[in-house]
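Asker: Attaching a single structure in structure tokens format; questions to follow.
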Amino acid sequence: MFRLQGSKTLAVDLTGDAVKAKNGSMVAYDGRMAFKKMSGGGDGLRGMVTRRLTGEQMVMMEVKGQGTCYFADRASEISLVSLHGETLYVEASNLLATDAGLRTGTSFTGLRGGASGNGLFTTTVEGTGQAAIMSDGSAVVLRVTPQYPLNVDPGAYIAHQGSLQQHFQSGVNFRTLMGEGSGESFQIRFEGDGLVYVQPSERNTVGGDV
Amino acid sequence: MPFREINSKMVEAVVVPGQKMYSQRGAMLAYRGDVSFTPNIQGGQGGLGSMIGRRVANEAAPLMTVEGSGTVMFGHGGHHIQVIGLSGDTLYVEADRLLAFDGTLQQGTMFMGSQGGVMGMVRGQVTGQGLFTTTLKGHGAVAVMAHGGVIELPIMPGRPVHVDPQAYVAHHGDVTNKLSTALGWRDMVGRGSGEAFQLELSGSGAVYVQASEEKL
């Protein structure tokens, strides 16, 4: 079971089962725990090769034991996501921990990744269970419905779930070319039905400079 | 309680005449009333002997004495502040994490080797905390800094708590600590889980852990 201890520490109660977490993110535990690095992010050999090729590097460890284990990473705010068979798309650098039963993989994101500074690939988490994602500042969850599409700054995007189509939008005009851009020339547009997680901070992106 | 938390990053302290308070030099943000700040060359309490002790032990954080009557606000570097109340027991904390503390508390320096023997010394080296740590004993309150929020984990007999040395902030109570290693062949070939060294705290008391692996 995942629960939050404050907003920046994740507590996981383990009774002999296992959990996957970002390498080195344990801050404390009581009881008995064993830590094992999962090569290639735990997707098996094929996943490992894919990760190497796509640059969507994610170093995870498997924590197994009895007791309570606490995770935190550089004072990032943590949000919990419950999955019931659907897929969560998250940047590898924003994923803190997942239930051992959840499968992780890599998927192609298209042009969006290039502008959001995350590369062209993203990590997927699917199955039934819980995942913990990290954000710089506490994340807001925005609902997208067919009537209400959402536009997100690529640097502030952290994750999304549900059946969403994403498009890459650019508002580059003559002002941008003159060097008078507003810094909001690129956006990701989400359409469909689902949830988007946005952080109140922006990564350094190509889009943010123009 | 002389410390009042204004928000997670600022504390306010009430200073009354005849009662001293120590704080890290430069940590004052604002004050009301008639308060004087004197740099403390000795770096805290005790006589010349303690001063030399601290210098030798490299636990000499630049402190100042706060006296007078009024209220003072403290904060430093945007770090989170945790106020720990002591009632007769001893708090073990790194000198550079100390923000402010009551003058009624007795300050001392402890050699890591005296708790845990050789492993205690190794622990200090591994965690980058050096061979010595600061102790505060008595009745009063201490304001301690940490990066990110702090959680307090109780330690009960028979239920030791393991802490990442980099996330460790302070502990109090009747607690023995030792460095436990979980070094396996994986670590030797560079495939470690990043959790090879842990601090094992057992006894009865509490340990404070920060939500980050960064030093101050």
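Asker: Kindly identify region B:128-180 as rounded, prolate or oblate by the Cα gyration tensor criterion: order the square roots of the eigenvalues as a ≥ b ≥ c, call it rounded if a/c is under 1.5, otherwise compare a/b with b/c, prolate if a/b is larger, else oblate.
Answerer: On the way: a/c = 1.27, a/b = 1.12, b/c = 1.13.
The shape class here is rounded.
Asker: Using 0.36 nm times the number of residues separating A:SER138 and A:GLN66, minus their current alpha carbon distance, what extension gain do you get?
Answerer: Values: separation 72, 0.36 × 72 = 25.92 nm, distance 2.98 nm.
Net length gain for the segment: 22.9 nm.
Asker: With a 1.4 Å probe, how much accessible area is buried between chains A and B, both sides summed, in Å² to the nearest hundred?
Answerer: Working: alone 10390 and 10410 Å², together 18760 Å².
In total, this chain pair buries about 2000 Å².
Asker: What is the sum of charges, Lys and Arg at +1 and Asp and Glu at -1, for the other residues whose Cβ falls under 11 Å from the Cβ of B:SER204? Present the calculation step by step, with values, prior to reporting the outcome.
Answerer: Details: positive: B:ARG159; negative: B:ASP89, B:ASP174.
Neighbour charge sum, excluding B:SER204 itself: -1.
Asker: Could you compute the net charge surrounding A:GLY85? Neighbours are other residues with a C-beta less than 14 Å from the C-beta of A:GLY85; K and R count +1, D and E count -1. Walk me through the intermediate numbers first.
Answerer: On the way: positive: A:ARG103; negative: A:GLU86, A:ASP99, A:GLU126.
Result for the local shell: -2.
Asker: Report the full-extension gain for the segment B:ARG159 to B:ASP34: residue separation times 0.36 nm, less the Cα-Cα distance, to one decimal in nm.
Answerer: Working: separation 125, 0.36 × 125 = 45.00 nm, distance 4.84 nm.
Gain on extension, B:ARG159 to B:ASP34, equals 40.2 nm.
Asker: Taking the Cβ-Cβ separation of A:ARG189 and B:ILE6 as r and a Förster radius of 30 Å, what is the calculated FRET efficiency to the nearest 0.05?
Answerer: Values: r = 42 Å, r/R0 = 1.41.
Result of the calculation: an efficiency of 0.10.
Asker: Around B:PRO160, under 12 Å between beta carbons, what's the net of Lys plus Arg minus Asp minus Glu among the other residues? Working shown, then result.
Answerer: Working: positive: A:ARG32, B:ARG159, B:LYS178; negative: A:ASP30, B:GLU200.
Result for the neighbourhood of B:PRO160: +1.
Asker: What accessible surface, in Å², does a 1.4 Å probe find on A:TYR197, ignoring ligands, DNA and RNA and rounding to the nearest 10?
Answerer: So the heavy atoms of A:TYR197 present about 10 Å² to solvent.
The values are calculated or read from the model by the stated rules, or taken from the named source; none is laboratory data. Being a predicted model, the structure only gives us computed values, none of them experimental. FYI the Cβ positions are ideal-geometry reconstructions off the backbone, even for glycines, and counts take in every protein chain you see. Please note that ligands, DNA and RNA were not included when accessible areas were found on the heavy atoms of the full protein model with its side chains. Shrake-Rupley method; radii C 1.70, N 1.55, O 1.52, S 1.80 Å.
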